[in-house]
Every structure is written in C-alpha cells, then in structure tokens.
Amino acid sequence: DAGVTQSPTHLIKTRGQHVTLRCSPISGHKSVSWYQQVLGQGPQFIFQYYEKEERGRGNFPDRFSARQFPNYSSELNVNALLLGDSALYLCASSSGYNSPLHFGNGTRLTVT
Amino acid sequence: GIQVEQSPPDLILQEGANSTLRCNFSDSVNNLQWFHQNPWGQLINLFYIPSGTKQNGRLSATTVATERYSLLYISSSQTTDSGVYFCAVLSYNTDKLIFGTGTRLQVFP
C-alpha cells in the first residue's frame with residue numbers, strides 16, 4: 001500500500017511569489033495535517049483537516065491556507081512568500097482522532 | 001500550552017551500544033508517538049504509545065502517563081539508527097501534535 005505522498009519534493013521560489021503544495025493521504029485515512037520544519041527544529045503544526053473540515057490551526061499568519069478535497073487529498077497554499085518560509089513542509093495522515101500519524105517525505109521549499 | 005522536552009539533546013554511540021532517550025511532557029496527554037527522522041528528512045513512525053510498553057525488534061518504548069514521561073530504548077545500535085528522534089504528544093485540550101526538542105543520535109562503526 002502507498003504511504004503518504006507529497007509533491008513536489010523540492011521547490012525554489014522567489015520572495016513575494018505564491019506556492020501550492022500537495023498531499024495524498026494513505027488510502028482510507030480521512031485526516032490530513034500539515035507541519036512546517038525549519039532547519040534544526042522540530043515540526044510545527046500548521047493545519048489539520050478531517051472530513052474536509054478544518055479542525056485545527058497553528059500559529060501561522062493568514063498567508064497560509066489549506067483545503068481538503070472529497071478524495072481526502074489536501075493542498076497547502078502560501079502567499080507572499082518570505083525568506084523565513086524556507087523549510088521542509090510535511091504532510092501527515094491518520095484514520096482519525098487518537099490514531100497514529102504517518103508522515104510523507106515532505107516538500108523542501110527554498111525562498112530566495 | 002503543553003511543553004515537551006527531550007534528553008539528552010545529543011548522543012554519540014559506538015555500534016553495538018545501548019541507549020535510553022527520555023521525553024517529558026508538562027500536561028496530560030492522550031496520544032504520544034516516537035518518530036525517527038533520518039538524514040534525508042524522512043519522519044518515520046516508531047511507536048504510538050500513549051501508555052504502557054511496546055517492543056519492535058531492537059527498539060522498545062515505555063510511557064508512564066501518570067508521571068508524564070516516556071522512554072525510548074535502543075539496543076545494539078547500528079549506524080542506520082543515526083538521525084534525530086522526536087517524541088510528539090497530543091493533549092486533551094488540543095488537536096495538534098506537539099513535537100519535542102529532539103535527540104540527535106550519531107552511531108559510529
């Protein structure tokens with residue numbers, strides 16, 4: 001069975017641009033979460049979606065938005081990119097609350 | 001919010017040695033996981049262990065929820081065990097996974 005898949009794997013953008021990151025959960029998983037990991041730190045929670053509804057939001061500016069589609073895949077959008085948005089963006093899926101999270105390999109975003 | 005601290009921050013071992021990693025958390029939790037992040041950034045789920053003890057090969061974990069800590073044991077370490085180990089918790093009052101500070105493990109042949 002396929003694990004959590006993310007695309008693209010690497011991305012280079014310029015300050016002020018917009019980026020869309022994509023995630024497909026494990027088959028049967030209805031919950032998708034997004035995390036940002038800056039070099040040298042642990043992942044920080046950005047969003048959680050369950051059954052296409054936002055269930056949680058971390059301490060990130062409104063430039064960050066996300067959505068979940070009927071097939072439970074998800075997109076993370078970041079507008080007006082800043083240098084500080086350079087990070088590894090991780091997507092995780094689970095079958096529901098209090099279930100283990102499984103992470104994808106991440107998208108490494110570099111903003112120049 | 002809940003605080004999650006791990007110790008030691010860094011650990012250097014020779015192949016074959018055993019080690020214990022600790023995770024302390026500041027509030028009651030109903031979800032605790034241990035992850036291994038390899039040098040390529042992949043975050044691999046090791047254990048889902050809100051309480052009790054589990055074993056998987058050379059790895060085992062114990063969580064004592066009432067005392068707010070969890071331990072990860074690595075026996076007969078191998079060079080492929082190198083990377084960063086994170087514990088992450090989900091408290092009763094939130095729906096976001098909070099990651100600890102991590103333990104960076106280096107295993108040399």
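The values are calculated or read from the model by the stated rules, or taken from the named source; none is laboratory data. In this text the structure is predicted, and so the values were computed from the model without any measurement. Please note: Cβ atoms are built from the backbone with ideal geometry, for glycine as well, and neighbour counts cover all protein chains shown. Ligands, DNA and RNA are stripped out before the accessible areas are found, and what is left, the full protein with its side chains, is counted by its heavy atoms. Shrake-Rupley method; radii C 1.70, N 1.55, O 1.52, S 1.80 Å.
Worth pointing out:
- Cα-derived Rg over Rh, computed across chain B with Rh taken as Kirkwood radius: 0.96
- Chymotrypsin sites (Phe, Trp or Tyr not before Pro) within the range B:39-91, DSSP loop, no more than 16 other Cβ atoms inside 10 Å: B:W40
- Inter-chain neighbour count for A:42-49: the average number of beta-carbon atoms from partner chains within 10 Å of each residue's beta-carbon is 5.
- Accessible carbon and sulfur surface of chain A relative to its total accessible area, %, 1.4 Å: 47
- With DNA, RNA and ligands ignored, accessible area of A:E53 (1.4 Å probe; Å², nearest 10): 110
- Calculated accessible area for chain B comes out at 48 Å² per residue, all protein chains present (probe 1.4 Å; ligands, DNA, RNA ignored).
- Heavy-atom accessible area per residue - the range A:5-111, 1.4 Å, Å²: 47
- Span from the the range B:4-39 Cα centroid across to the the range B:55-104 one, whole angstrom: 5
- For B:L21, net neighbour charge (Lys/Arg +1, Asp/Glu -1) across residues whose Cβ lies under 14 Å away: 0
- Chain A packed on chain B takes about 1600 Å² of accessible surface away from a 1.4 Å probe, both sides summed.
- Segment A:R108-A:F69, length gained on full extension (0.36 nm per residue, minus Cα span): 11.8 nm
- Rounded percent of accessible protein surface that carbon and sulfur make up, the range B:4-108, 1.4 Å probe: 47
- Among A:Y50, A:Y97, A:Y89: highest mean-square fluctuation, GNM of chain A, C-alpha pairs under 10 Å: A:Y97
- Mean shadow area of the range A:49-112, taken as a quarter of the surface of its Cα convex hull (nm²): 4.9
- For chain A, the Cα gyration tensor yields ellipsoid semi-axes of 23, 14, 13 Å (square root of five times each eigenvalue, largest first, whole Å).
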